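None of the figures in this text is laboratory data; all of them are computed from the coordinates on show. Note that the structure is a prediction, hence the values are computed from the model and not measured. All Cβ positions, even for glycine, are placed from backbone atoms using ideal geometry, and neighbour counts span all protein chains on display.
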Amino acid sequence: MFDYLIVGAGFAGSVLAERLASQADKKVLLIDRRSHIGGNAYDKYDDHGILIHPYGPHIFHTNAERIFSYLSQFTEWRPYEHRVLAQVDGKLLPIPINLDTVNKLYNLNLTSEQLELWFRAKAEPVENVRTSEDIVVSKVGRELYEKFIRGYTRKQWELDPSELDASVLARIPTRLNRDDRYFTDSFQAMPLHGYTRMFEKMLKNPNIKIMLNTDWREVRDMVPFKHLIFSGPVDEYFDYKFGKLPYRGLEFKHETLDKEEALPVGVVNYPSEDVPYTRVTEFKKLTGQQHHKTSVVYEFSRDASITGDPYYPIPRPAATAQYNQYKELADATPGVTFVGRLATYKYYNMDQVVGQALATFDKLMGIREPDNKEKIVLAGNGAATPHAPAANPIPTRKPIVAPARVPVATAAASTAAAATDTMTGGSSVPVAAKQPAP
Ligand code: FAD
Ligand code: UDP
């Protein structure tokens, strides 16, 4: 009899398997219908020996030290600060929009102070910022919105930004300075040997058995277990009782080029609706791999009912209302815990899912929610829990690189970036999931 059957070997399922096995000595069966662990963060070497992300580019970034420290038990890191250029009016310009973006686009020579006034003059007053259109036009005006945001968003979501929650475009700040990093989080890095190696180390524990190519439906009546943790799509779990939740899917076109370098930065975005794909990624820029060839991927956004795999929950009021019906049912389902991007229908980054899984572990163990966010953040790190030995028992072959703050350009630049972001980007890490006790 397994203590836990965990469906899905992505971050949500794997973090919980690791915690339950290593900190609570629970017997875990982890299954995934795919042929590999890692979920959407899975990476592999392609036919040319280049490390690629088959499910699209995954860049790790977080402001939560405990999440970075937790993952650092299973990997060393390669410092990497992500930079993205957008092709607009025949030019490659930094996105998020910053001082250089505007100066280069319009051949201006504005200072930060002048740019602030410039944005103020262009901005459209919006009394109640609700949508992704509101959040952008109220900061930078309609012209930049149309050049950088509207087309990309319409391609990505098949919705106008006016139909999407403001939270989607809140991910992309606007800056008055020249900081051209995509993220400003304190920790920005890639697993040195890739995500899959990291997952392998996480799951290397005699208490964890893994079954791949296995759908939950195939084994649910065959495998004895005490508690189920489900990280697949919540609507699928409940047989679409309240209808299918909408998800965006992606079609990927991978290509290997007979040259060393393809792009000036890791990712180039194409906001124009005349270009069928949204962005192109060159993996070597992310991984730092040296190779005489290079591999890239083009992303084409599609309705998930066409492509199969659901990738993005859709943040808009109708979908949230539909999800809330499932959530009510999920909360009332004893013996099952729902966790992860698909099971809780949240547009979460990897660090947010790790945070959610750590909080879920605490909940399952009956660890009381501390009174404030910081305490909860600490409790999420196994070392603070009553069940946790001081160190993770999983042996690591190489010394773990200290989870040093991954260097940002300069401390001053990063402070300036934080001070001049005019929209709030970055991730907020969920601190506790409301799940039924086992
Ligand atoms: P998943 O990784 O989706 O894992 C769920 C697993 O459950 C899957 O492997 C699936 O096969 C399995 N499963 C589902 N149903 C069943 C079933 N019935 N039976 C058996 N198995 C089942 N985040 C970042 O922080 N940085 C990035 O740069 C970034 N880039 C992204 C790019 C793309 C294109 C996408 C789609 C996402 C990106 N993310 C990024 C988000 C990141 O992928 C997710 O936050 C994270 O992978 C979610 O982990 P999860 O475990 O919740 O879900
Ligand atoms: N976005 C945009 N133009 C860009 C980049 C992003 O309009 O050049 C919008 C788009 O709606 C996208 C959202 O911002 O879906 C979030 O972008 P992010 O890069 O965070 O998307 P992800 O990496 O999750 O696909």
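Using the alpha-carbon centroid of each, what span in Å lies between region 46-103 and region 173-187? Computed from Cα coordinates, the inter-centre distance equals 12 Å. Between residue 91 and residue 274, residue separation times 0.36 nm minus the direct Cα-Cα distance comes to 64.4 nm.
A simple spin-label model places the labels of residue 209 and residue 126 5.2 nm from each other, with each point 7 Å out along Cα-to-Cβ. Seen from a random direction on average, the alpha-carbon convex hull of region 195-267 projects onto 9.2 square nanometres. In plain terms, the chain from residue 160 to residue 63 could stretch by 31.9 nm, reckoned as 0.36 nm per residue minus the Cα-Cα distance.
Taking R0 as 41 Å, what FRET efficiency do you get between residue 226 and residue 254 from their Cβ-Cβ distance, rounded to the nearest 0.05? Walk me through the intermediate numbers first.
Details: r = 41 Å, r/R0 = 1.01.
After rounding to 0.05, the efficiency reads 0.50.
Between residue 244 and residue 45, full extension at 0.36 nm per residue minus the direct alpha carbon distance yields a gain of 68.2 nm. Diffusion coefficient (Stokes-Einstein, Kirkwood radius over C-alpha pairs, 4 °C, 1.567 mPa s) for region 17-67: 94 µm²/s, rounded to a whole number. Distance distribution P(r), region 258-365, all Cα-Cα pairs, bin width 10 angstrom from 0: 12, 27, 30, 20, 10, 1 percent. Highest-first packing order for the peptide set 325-336, 93-104 is 93-104, 325-336, based on the mean count of other beta carbon atoms within 10 Å.
Using a simple spin-label model with pseudo-atoms 7 Å out from Cα toward Cβ, residue 167 and residue 324 lie 1.2 nm apart. Fraction of C-alpha pairs exceeding 18 angstrom in region 84-169: 44 percent, rounded to a whole number. The relative contact order of region 84-169 comes to 23 percent, based on Cα pairs under 8 Å that sit 6 or more residues apart.
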